[in-house]
Structure formats: C-alpha cells, structure tokens
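None of the figures in this text is laboratory data; all of them are computed from the coordinates on show. Keep in mind that this is a model prediction, so the values were computed, not measured. Heads up, the Cβs are rebuilt from the backbone with ideal geometry, glycines too, and the neighbour counts pull from every protein chain shown.
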Amino acid sequence: MGGTAVETLREALRGRVIGPEDADYDEARSIYNAMIDRRPAAIARCADTTDVRAALGYARESGMDLAVRGGGHSGGGLCMIDGALVVDLSDLRWVRVDPASRTAQVGGGSQLGDLDHEAYGFGLATPAGIMSTTGVGGLTLGGGHGHLTRAYGLTIDSLLAADVVLADGSVVTASADEHPELFWALRGGGGNFGVVTSFTFALHPVSTVGLAVTLWEPEHIGEVLRWYREFLPAADHDLNGFFATLVVAPEAPFPEELHHRKMCGVVWCHTGATDEESLAKAFVPVADPAPPAFHFATPVPYPALQSMFDGLIPKGLQWYWRGDFFDRITDDAIDVHGTFLDNIPTELSTMHLYPVDGAAHAPGPMDTAWAYRDAVWSGVIGGISPEPSEAGAIRDWAVGYWDALHPHSMGGAYVNFIGADEGAERVRATYRGHYDRLAEVKRTYDPDNVFHHNQNITPANG
Ligand code: FAD
C-alpha cells in the first residue's frame, strides 16, 4: 500500500489511518502478546460504522488482505497481519446501559472493563472473561467464559443482538428474529462472518461478589484435584472457581514466605456469599482435601474482581498458549498437571481450568455455535514471560504439556484458546458437528472468505 493509497483511505475516513511513516505506527501495531511483531500496510482506526464500511470497501476494491482488531488480545495475533489493512475498532469504545430493560449496548471495540464499569453503576453485569483489557469483540464471538459462567452462562448466552458489517459492505442486525442463522453462528463462530460494530447484551443483578483465593502446596495437587473435580460440579451455580497451577506473585495479599513458590490453587467467585460471615461458611470445605497454605476471602465490587490480574500480566509480555475442553479430570491427567507444575519454566506461566458447566449447560447443544455444552472445564496452558529470550522455553513447555494432556481431553478446545499455528484440524475439532452448518453460514455471508484472519471456517462449496 503506497503513500497515495493511504491518502485515498485517509480522505474517506473520519478516523485516522496510520501507516508505516507515522510516528505512532509502532504503538498502533503493538498488541497484547509481545511475541507478535507484525507490520500491516495500514491501520484504519474506524470512528464509526461508516468508517468500517469504507475501509472494507477499500480493501475489497484494491484486493488488499484484511484483518480486524478488537481488543488485540488474541494469542496468535489474528488481528495484526503483515501487509494487511487492519480495520481497527479500538476507538469504538462505548457502552449504553438501559436499567429498565436490563440491557447494555456495547461498541465493537470496547474492552471488558468498559462494560463492567458502566453496568456496575446500575448493579448489573454480563458474564465475560477475567481481565478487564480483553476485547468484548473477540471474546464474545468465541463464546466467553469467566467468573460468572456457572451463575449466568457464557457471554454468548447473554447476547441478544449484534450489528454487523458484512463482507459486501451491507449492515445487518443479527438476533433471534433477524438473520437467525447468522446470529447462531456469531455465538461461538469467531470473527468469521463480519465486523460487529455493536453488541446488545442482557444484564444480570451482580454488584458485590465474594472473591476467594485458596492455595495448596504442590505435593497436594492429587488430593486437591480429586476433591475439586467432585466438589465444584456438585456446588450451587452461584459458586465459580477456576483451578490453577502457578508460581505465587511477590505481592499482597500473599505472605512473603509464599512468594516465588510453586502452588496449585483455586480462584473463587461467589455471587451468593457476599459478606465476610457467609464467605467464611461457604469456604469451610477448602480444608477437606489438604490444609491450604493460604486462604483469603473478601467481598469486592465486581469490577475489582474483573481487574485483579491486570497489573500482574500487563500488555507487552511474551505469550504462547494452548487449550482443550475436559468433561472429567482423570487420575492420569492429574499426574500430568503435577509433572508440568514441577517443571514450570517461568514465574508467570500457568495452567487454568475454567468451569463451563452450571448455567452454561442450560442452552441445548444446537442452540449456539458453541459445540461443547457437555464440557465441564475449558483448559488453557499459558507459557508467559517478560523476556523475549524465554520465548522458546515457554512455547516448548506449553506444547509438551498440551501433548501430554490432550489424550485426556474431549478432543477440541475453546476457539479463543487455539494458537494461530495449530492448523485447520483444530478448528474442526472445536466445532465438531457444527462445522458444516457454520460453513454454510459462511458461504451465505462471506462467500469469498474476506474475513480469514481468525480460526477460519472455509465457506461451504457451492
Ligand atoms: P483481537 O485479537 O482483537 O481479535 C481476536 C479475533 O476476533 C480476530 O480474529 C478478530 O478479527 C476478531 N474480532 C475482534 N473483535 C471483533 C469484532 N468486533 N467484530 C468481528 N471480529 C472481531 N477468554 C475468555 O473467554 N475468558 C477469559 O477469562 C479470558 N481471559 C483472557 C486473558 C488474557 C490475558 C488473554 C490474552 C486472553 C483471554 N481470553 C479469555 C481469550 C480472549 O477471549 C481471546 O484472546 C479473544 O480473541 C480476545 O478478543 P480481542 O477482541 O481482544 O482480540
């Protein structure tokens, strides 16, 4: 894309078009995962839907490769592509809550923290992920799970409608009544079908929640996981708790003697126990598997829970991750977790098992494109380091861990936890029996596969 082409696009857009000659090009092309260092031809910071249409039209007419950037959090950097025109939604950050109907309209480039903050003002929330800087766009289109999953389901289960700019530049609203097949596909099918400029969500009464963190010594990982695999699925849906293997961060609330030590643990969110007394009662069972090395429980405003990891893992770290769904945690899988906690390569590396049961099991298997309503956990292995020199080590650890654990999984992963380098077979495994239906929707709405920088669903053949 030469200078003149950038100029043409600049004239068409209200938002800025940033090219390699601009002083802020490097900042504009940087994304959450610092392992990704790509040089797009230009970045179109769209100011509104008309800008999105203009940028798409420009790419279509000039034959340029196109990428779409929401919050910039995808592990493999799907939103930032060498030589492409990036439709950057970062300026579409706005939220409008309607307390009467308990709904929120959210700009397509918003971050989770934008939604959490505004909805909290009305004592409301939508279930989403566990970091405030993640994009609402990519997270929702993949499915979205987090602290409220067992209570209120996946993010897509609260999605009521989406405004979508399609590959041909037309704009549609997808909902249960309008373009229902597209609406079905958007709920789990990723960024395959168009650019979502606005999401409408149902909100739920969530304000103060009970946060708890329990850590156990690594030698207890067997007892803890055998207890956790029974305890959580049987617990009321107002209790959520993701299991983690980790190295304790050298900061409050952890006591100094635990800093830098390998541990296993659970991060809990209780929407039913929200004061000190009921929290103390609710977490009596954490002593059942083994005495915890640390247990901390406190009521917090929901947005505080949602942003508690922001400082620990800021933008600019090296990341390599892989995932899989699990319907059980087998004894053999527990041995794998123990081994890979022992050889964890860096202090930030971690493995999480996010619950996707409870209210997330309420919708039928065919209701949305999310193809694993029978999964109980969505697992992710994250190799993380601030040091580029450790990129190989974190990748090797994550891949070795995944290779050992995968035979104990259901075969596919949460689409947002697949790496960009894992190949088409992994995308098929993610969508199982839904793949062919998604390919039909793709043929209807994006027959030329304009939106292909994602976990790609290829259009069904004529
Ligand atoms: P981007 O990289 O901007 O986009 C990802 C993909 O979505 C791209 O293909 C892009 O083209 C497409 N896309 C984004 N926005 C739009 C839009 N508006 N319209 C059309 N296409 C769009 N996931 C969870 O479910 N729960 C979690 O708790 C969770 N925690 C995470 C924590 C961290 C630190 C990170 C890095 C990721 C986490 N994720 C979690 C995964 C997250 O959901 C994905 O990385 C997701 O892709 C991020 O979306 P994004 O918009 O920020 O990313």
Over the chain, the sum of -39500 (n - 2.57) across DSSP H runs of at least four, divided by residue number and rounded to 500 deg cm²/dmol, gives at 222 nm -8000 deg cm²/dmol
Just want the ordering: K315, K442, K262, from fewest to most Cβ atoms lying within 10 Å of their own Cβ. K315, K262, K442
Choose one of G63, G142, G316: the residue whose Cα lies farthest towards the positive end of the charge dipole of the chain (beta-carbon charges +1 Lys, Arg; -1 Asp, Glu; about the Cα centre). G63
Just order 272-281, 8-17 by mean Cβ neighbour count inside 10 Å, highest at the front, would you? 8-17, 272-281
At 0.890 mPa s and 25 °C, Stokes D of region 374-450 from Kirkwood alpha-carbon radius, µm² per second: 168 µm²/s
For the chain, the charge dipole (Cβ of Lys, Arg +1; Cβ of Asp, Glu -1; about the Cα centre) points to a positive end, and the Cα of G75, A54, F242 closest to that extreme belongs to A54
Starting with the fewest neighbours, write out F199, F326 ranked by other beta-carbon atoms found within 10 Å of each beta-carbon. F326, F199
Taking R0 as 56 Å, what's the FRET efficiency between R38 and E277 from their Cβ-Cβ distance, rounded to 0.05? 0.60
Could you size up the charge dipole of region 13-86 around its Cα centre, putting +1 on the beta carbon of Lys and Arg and -1 on that of Asp and Glu, and report it in debye to the nearest 20? 240 debye
Using unit Cβ charges (K, R positive; D, E negative) and no other charged atoms, how large, in debye to the nearest 20, is the dipole of the chain about its Cα centre? 720 debye
Debye calculation, C-alpha points only, no solvent: report log10 I(q)/I(0) for region 3-88 at q = 0.11, 0.15, 0.18 Å⁻¹, in the same order as the q values. -0.25, -0.47, -0.69
Distance (nanometres) between label positions extended 7 Å along Cα→Cβ at R328 and R10: 6.3 nm
Calculate, in nm to one decimal, what N343 and E181 gain on full extension: separation in residues at 0.36 nm each, minus their alpha carbon distance. 53.7 nm
Share of Cα-Cα pairs in the chain lying beyond 27 Å, as whole percent: 53 percent
Starting from the Cα of A252, step 7 Å along the direction of its Cβ; do the same at T173; then give the gap between the two resulting points in nm. 4.7 nm
Near-label residues of region 200-218 by backbone N, under 20 Å of a point 7 Å along Cα→Cβ of A304: 205-215
Dipole magnitude (debye, nearest 20) for region 110-260, charges at Cβ of Lys, Arg, Asp, Glu: 220 debye
